[in-house]
Every structure is written in C-alpha cells, then in structure tokens.
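Okay, so here's the structure we're looking at.
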Amino acid sequence: MVKHRLSSKTFGNSRQDEVRFVYFESVVSVMIQLIETSPSEIFLNPALDKNRQFQIAKIGYRLDREKARLVKSERSNVPALEYREIRRRVTRIEELQEEYDDAFHAFLADTMLPITPSVRRCVFRTFSSEIYAQSFMSILDQYNRWTWHSALYLVDRARLHHDVNKMDMLMQAAAPEEKEQLRSAQESLKADYKQRLETQKALLLANRSDLHTKLVSFNRQQSLSALLGHMIQQNQNAAVQFVSTIPQ
C-alpha cells in the first residue's frame, strides 16, 4: 500500500510551530510506546509527572476538610454574630478550589495537547493528505481523553494513601474509646477509594484500547516512527537556525 509522505510545509516553518515541537514530539513518543506494549504494562499515560499527584492530593484533602467544616457549621444553630466566620470558611474553600484547579491544570499542561485552532493548523501542515490529518486529529482527541482519565486515577490513588495516612495519625493520637470508630471510618474510606479506583481503571483501559486501535490502524498507513524522526530533525534544524541568529 502506498504511504502518503509528510508535507514539506511541516513543523518549524513558523515561530508558533517551533513552540509546539516538544509537545508533539512527546505525544508521538507515547503513542509509539502504546503500540509496542500491552495494556498491562502501560495503562496510565507515562508522560504525566507523577510527583504532582501528591501535591494535588494534599490540596484536595484540605479542600474536603474545609467543606466538611462548613457543612457542620451550617447545620448547627450559628448565631448571626458568627456569620463572619461562615464567610471566612466560604472564602477559604474558594481559594482552595482555585489552588486545586490550577494544580490539576499544571499536572496536565505538559502532557495533554488541547485541540486548539493553532494545534489543528499545525497538524494539517504536517500531513500532505487531509485524510491522515483528520485521522491524527481523532487520535489526539482520544489521547487527551486517556490522559485526562490517567490524571484522575493518579490523583485518586494519591488521595487514598494520603487520607489513610492522616487517619493513622489521628488514631495514634486518639483516646482508646475513639480508636475503633476511627478504624471503622478508615475501612469505609478504603472501600470507597477502592471502588472509585476500579471504576477509573476500567475507563482507563477502555480509553487505552480505543487509542491503541486507532494508532495501529494509522501506523499501517503512516509510520509514527518516521513522523517522530521527522519532528526531531525539524526540531534540531530549528535549534541550529536559532543559534545562528545569536550575535557572536
């Protein structure tokens, strides 16, 4: 079967395309790994920075704790004079929610490739065939869904470890009559997270399977390894051109 060549008007023909070099290169590298490995080896996106999940877990824990405190305050007969305290808690929740959203966004920022007009333009300038460009756009969309679910799974898994450890600390400091109640709450927490993680993993495997199917089909027509090599070469050429413009 005849393979369509990459367009000569590809990555690196503009400053905007140069900015996207690293992102496309990283994404295609992960795609090649998926083709070459089984779901049991890679079901999470390996490009995600795993260290960030623990930071997000800590913020999520503080956010949930503040929400619980607010609910408890609202359920009690709080005098009108205590309204200021309620308002303070609401403000703190809003701050923590913003901090959580920012941290989660940062977790995905270097791994996902949002389908923006500039990304779409870059893809269509990469392939001489519109059919292959459209196929790659579909793959990118599936890749992003898989990455999103990977991030959710990692954060939930980090929350499990973080929250269980927090309850261990509480049990150590609790009075004997409180330990059993805390132990029961901890077991309930573990069961909830286990169920959530099983659901997340099922979604992950389904999204990875769909992505793998699309990648294998695409790779038969247009070699991803060749595409990656082309990107790397373009990246190196752009770097040489940039260095040559620096005054000596």
Condition met for ILE115 (open to solvent by 40 Å² or more (accessible area, probe 1.4 Å), aliphatic (A, V, I, L, M) and not in a helix (DSSP H, G or I)) = yes
Quick one: would you say GLN234 is at pLDDT below 85 and either farther than 20 Å from LEU154 by Cβ or buried (at least 17 other Cβ atoms within 10 Å of the Cβ) (or both)?
-> yes
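Is it true that ARG159 is touching a residue at least 40 places away in the same chain (Cβ under 8 Å), under 26 Å from GLN55 (Cβ atoms) and open to solvent by 80 Å² or more (accessible area, probe 1.4 Å)? Even if it seems obvious, please write down each step before you answer.
Working: touching a residue at least 40 places away in the same chain (Cβ under 8 Å): yes; under 26 Å from GLN55 (Cβ atoms): yes; open to solvent by 80 Å² or more (accessible area, probe 1.4 Å): no.
No.
Pick from ALA57, ALA47: which is modelled with pLDDT of 80 or more, open to solvent by less than 30 Å² (accessible area, probe 1.4 Å), small (Gly, Ala, Ser) and closer than 27 Å to TYR143 by Cα?
Details: ALA47 fails: open to solvent by less than 30 Å² (accessible area, probe 1.4 Å).
The unique qualifying residue is ALA57.
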Scan region 191-209 and report the pairs whose first residue is touching a residue at least 12 places away in the same chain (Cβ under 8 Å) and within 11 Å of ASP156 (Cα to Cα) and whose second residue is open to solvent by 70 Å² or more (accessible area, probe 1.4 Å) and not polar (S, T, N, Q), with Cβ atoms within less than 7 Å and a gap of 6+ or a chain change.
-> LEU197/ARG157
Return a yes/no flag: does region 196-204 have any residue that is part of a helix (DSSP H, G or I), of a type outside the set (A, V, I, L, M), open to solvent by 80 Å² or more (accessible area, probe 1.4 Å) and over 29 Å from GLN134 (Cα atoms).
-> yes
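Out of the residues in region 164-195 that are small (Gly, Ala, Ser) and over 27 Å from the mean Cα position of the chain (by Cα), which is most open to solvent (accessible area, probe 1.4 Å)? Talk me through it step by step, then tell me what you get.
So the first thing to find is which residues in region 164-195 are small (Gly, Ala, Ser), and the list is 173-175, 184-185, 188, 191.
So of that shortlist, the ones also over 27 Å from the mean Cα position of the chain (by Cα) come out as 173-175, 184-185, 188.
On the way: ALA173: 90, ALA174: 17, ALA175: 33, SER184: 70, ALA185: 45, SER188: 62 Å².
Selected residue: ALA173.
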SER138 vs. criteria open to solvent by 20 Å² or more (accessible area, probe 1.4 Å), in contact with a Lys or Arg (Cβ under 8 Å, 6 or more places away or on another chain) and at pLDDT below 85 | no
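Which one is farthest from GLY60 (Cα to Cα), of the residues in region 81-101 that are open to solvent by 60 Å² or more (accessible area, probe 1.4 Å) and either aliphatic (A, V, I, L, M) or touching an Asp or Glu at 6+ places or on another chain (Cβ under 6 Å) (or both)?
First, the residues of region 81-101 that are open to solvent by 60 Å² or more (accessible area, probe 1.4 Å): 81-85, 87-88, 92, 94-95, 97-99, 101.
Among the residues that remain, those that are also either aliphatic (A, V, I, L, M) or touching an Asp or Glu at 6+ places or on another chain (Cβ under 6 Å) (or both) are: 81, 92.
Working: LEU81: 30, ARG92: 13 Å.
Here the answer is LEU81.
The values are calculated or read from the model by the stated rules, or taken from the named source; none is laboratory data. Just so we're clear, the structure is a prediction, and the values are computed from it rather than from any experiment. Please note: Cβ atoms are built from the backbone with ideal geometry, for glycine as well, and neighbour counts cover all protein chains shown. Please note that ligands, DNA and RNA were not included when accessible areas were found on the heavy atoms of the full protein model with its side chains. Shrake-Rupley method; radii C 1.70, N 1.55, O 1.52, S 1.80 Å.
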